[in-house]
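Here the structure is laid out as structure tokens; the discussion comes afterwards.
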Amino acid sequence: MHGVAIGLLSTFAGLAAAELIVGLVRGANSPVVPVGQEVIDIVPPAVKDLAIEWFGTADKAVLIMGTLLSLAVVGSIVGTLAVKGNRASAYAVTAVVGLIGVFAVQMRPAPTFGKMLPPIVGTLVSILVIWWLSPRDVWAARPIDGETTDPVVRQTDESVAAPTVGSLFTMPLQRRNFLHGASTVGLVSVMAGGIGRILKGRFDVGGERAALELPPPVDTLAPVVSLPDLAVDSGTQSTPAAMMDFGIAGVERWVVPNDEFYRIDTALVVPQVPKDSWKLRVYGMVDRELEFTFADLLERDMIERYITLSCVSNQIGGDLVGNAKWQGVRLKDLLDEAGVQPGATQVVSRSIDGWNCGSPTSAIMDGRDAMLAIAMNGEPLPAEHGYPVRMVVPGLYGYVSATKWVTEIELTRWEDFDGYWIKRNWSKEGPIKTMARIDRPKGGRGYSDNADGVVDIAGLAWAVHRGISKVEVSIDDGEWRECEVAGVASDDTWRQWRYQWDKATPGKHSVRARAYDGAGVPQPEEPKGVGPDGAQGYHRVEFKVEAV
Ligand SMILES: Nc1nc2c(c(=O)[nH]1)N[C@H]1C(S)=C(S)[C@@H](COP(=O)(O)O)O[C@H]1N2
Ligand SMILES: [Mo]
């Protein structure tokens, strides 16, 4: 027990010391971050998919907890070694754990000495704590079997009599010393860690982001409105978005607010990239290499577009999809300036966090609104959505196009490079599939609608960049009925749809929905999971109508 206590304390003290360094050195992270990050990148795709399936977006928290737990276990072993008189091996194991931390930093993009300091200092502090707390002279401290301590001391110091006292520390003075030392270590650690946490706040981009003034876009796309009468549901909304939004309760809004927008990335901690340190390099198969600062970017003509983003991992009926208003610089303009060479069929984009992806050059140069975005829904990009600059390419899943915290664009051949997820068995091409989602009624047992014979069936449909021409629903597997569709700003956004079922009868029912893209091609019916190129099939919801 005593050894475990020493081990856990030394681990805690090491992590706390590391945290203090994190507060002092920009770009440094707690050792659990690079180690966890390496685990993310190294584990076989099957394990990764399983983790996502089990834990969903909590997978990162689970990974951090797992890493901390492993450290605690190793720490306990180390502490036990130390009290057993095997201090040399205790130090050695601690040093090896520390080296793993340093090694992990080395494996991450742009390793610097500063980034290696947290594991180095943390390890040294751990060793120091083990040395300080473990018994100096094991043999002297070991009591003879059956020997009792001074009864007078027992009466005055209750803790001595506690049954948890290890056999090594039955001597009152030593035990009191240990408790004193342990609480000192605990207290100092909590303080160091706390100070580190507070200091770390300095490196957040929240402040500069709030102060950033966006230049007005020179080119905004006027929403194309084709809405029938919305008197019933749209209420008093007056923004253009209101014409795209039926305003039906339970249906995702046409524009998803930033703080509710889905977030998917491999980053264990959100990269904090100060805009003044940001640079973008355009290189590879181009006539002229280019380099841009954030200020350069702000001086360029900007477009503003509504574009729907989707994750390839979105299940049928899932919510890893959203529509936002993006503002940025057209990628085609930049690439034209650089001069794309013939044969450069792939645009590889890389993030400051090491993540990367490849998009077909054609998808970026064919006139669609592919952009380097700096703003989302009228605000600078939130840090978790790529501040200060990210890519957005209408019509491609995020994993092959939407690089956040982007700092490099390389033109290369399609066959010469495979992006992060392609190496992990996802399809090299990732056009977003046509999909209809039913948001209302919500599925599951016990659903009831206000059953005056009318049930509002409604949701969203997308075939990003191809547009949505028609949505149909089938109730109780009956005939397909055409839905009413809301307006859209362009073919690059999803579209709300609704169907008022006015012959609803009490009892259990089901509804399926299917969408047709702009060319009139219906989404495939055959159900298929998310791998390797996105889910397909009809969304089906079962619900119950209650009599009133
Ligand atoms: N740097 C970085 N960019 C990334 C990713 C990532 O893991 N790292 N994930 C991509 C994926 S898979 C998706 S679906 C989108 C999600 O963007 P969002 O989090 O802003 O919704 O970001 C893309 N850009
Ligand atoms: Mo994704």
Requiring at least 1 residues that are open to solvent by 50 Å² or more (accessible area, probe 1.4 Å) and acidic (Asp, Glu), the strands (runs of 3 or more DSSP E) wholly within region 487-545 are 539-545
I'm told Ser238 meets every condition in (1) in a loop (DSSP other than H, G, I, E, B); (2) at pLDDT 95 or above; (3) more than 16 Å from ligand 1 (Cβ to nearest atom) except one. Can you identify the failing condition by its number? (2)
Of the residues Thr308, Thr403, which is outside any loop (DSSP other than H, G, I, E, B), within 16 Å of ligand 1 (Cβ to nearest atom) and modelled with pLDDT of 95 or more? Thr308
Of the residues that make up region 108-124, is at least one β-branched (Val, Ile, Thr), more than 22 Å from the chain's Cα centre (by Cα), open to solvent by less than 50 Å² (accessible area, probe 1.4 Å) and on the phi < 0 side of the Ramachandran plot? yes
Only one of Met371, Met285 is within 16 Å of ligand 1 (Cβ to nearest atom), outside the structural domain of Pro441 (by TED's automatic domain parsing) and farther than 15 Å from Thr407 by Cβ; which? Met371
Within the group Ile422, Ile432, which residue is in contact with a Gly (Cβ under 8 Å, 6 or more places away or on another chain), under 18 Å from Gln536 (Cα atoms), within 16 Å of ligand 2 (Cβ to nearest atom) and among the β-branched types (Val, Ile, Thr)? Ile432
Just give me the residues in region 287-317 being within 16 Å of ligand 2 (Cβ to nearest atom) and either open to solvent by 50 Å² or more (accessible area, probe 1.4 Å) or among the β-branched types (Val, Ile, Thr) (or both), in sequence order. Ile307, Thr308, Val312, Gln315, Ile316
Please identify the pairs in which a residue from region 411-425 that is in contact (Cβ under 8 Å) with a residue 24 or more places away in the chain and within 16 Å of ligand 1 (Cβ to nearest atom) has its Cβ atom under 9 Å from the Cβ atom of a residue that is of a type in the set (A, V, I, L, M) and in a loop (DSSP other than H, G, I, E, B), counting only partners at least 6 apart or on another chain. Trp421/Val312
Being crowded, with 16+ Cβ neighbours inside 10 Å and at pLDDT below 90 narrows it down to one of Val455, Val473, so name that one. Val455
Scanning region 280-305 residue by residue, those in a strand (DSSP E or B) and touching a residue at least 40 places away in the same chain (Cβ under 8 Å) turn out to be Leu280, Arg281, Val282, Tyr283, Gly284, Val286, Leu290, Phe292, Ile303, Glu304, Arg305
In region 341-362, what residues are within 16 Å of ligand 2 (Cβ to nearest atom) and of a type in the set (Gly, Ala, Ser)? Ser349, Ser351, Gly358, Ser359
Do you know which residues across region 1-55 are more than 30 Å from Leu179 (Cβ to Cβ) and not in a helix (DSSP H, G or I)? Val25, Arg26, Gly27, Ala28, Asn29, Val43, Pro44
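The values are calculated or read from the model by the stated rules, or taken from the named source; none is laboratory data. Computed from a predicted model, the values in this text were never measured in an experiment. Ideal geometry is used to build each Cβ from the backbone, glycine not excepted, and the neighbour counts take in all protein chains shown. Ligands, DNA and RNA are stripped out before the accessible areas are found, and what is left, the full protein with its side chains, is counted by its heavy atoms. Shrake-Rupley method; radii C 1.70, N 1.55, O 1.52, S 1.80 Å.
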